[in-house]
Amino acid sequence: MAVIINDTCINCGACIDECPVEAIVDEDDNPTGEDIYYVYPDKCVECVEHHDEPACATACPTEGCINWSGKVDGMPFIESIGDDKRDGSVPCVE
């Protein structure tokens, strides 16, 4: 996955506006049916070649809402974030 949005999401829309590749959808289009925003793992590029860190996490007003998740084959990823931080519990921005 790249990054995930967890259940502390307040559906404010800040992340959608910042995503350079339009990988984020709102709760109405979340394919899991959850009432939170969703990051399509096959579209997320972790803002590689766009920003120094995921812009969605920088824009998010909810601390710890957007976390690192597993890499997706063939998709860009921030190499300095090791697999030990990609379990869905480590915030992208602290």
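Each reported figure results from applying straightforward, stated rules to the coordinates on display, with no laboratory input. This one's a predicted model, so the numbers in the text were calculated from it and none came from an experiment. In this analysis, Cβ positions are derived from the backbone assuming ideal geometry, glycine residues included, and neighbour counts consider all displayed protein chains.
List of remarks:
- Out of 64, 33, 74, one residue alone is touching a strand residue (DSSP E or B) at 6+ places or on another chain (Cβ under 8 Å) and at positive phi. It is 64.
- For first residues located in the range 52-69 and in a loop (DSSP other than H, G, I, E, B), partners that are buried (at least 22 other Cβ atoms within 10 Å of the Cβ) and of a type in the set (D, E, K, R) and lie 6+ apart or on another chain with Cβ distances below 6 Å form the pairs 54/46.
- Members of the range 70-94 found to be in contact (Cβ under 8 Å) with a residue 24 or more places away in the chain, under 13 Å from residue 4 (Cα atoms) and not charged (D, E, K, R), listed by number: 70, 72, 88, 91, 92, 93
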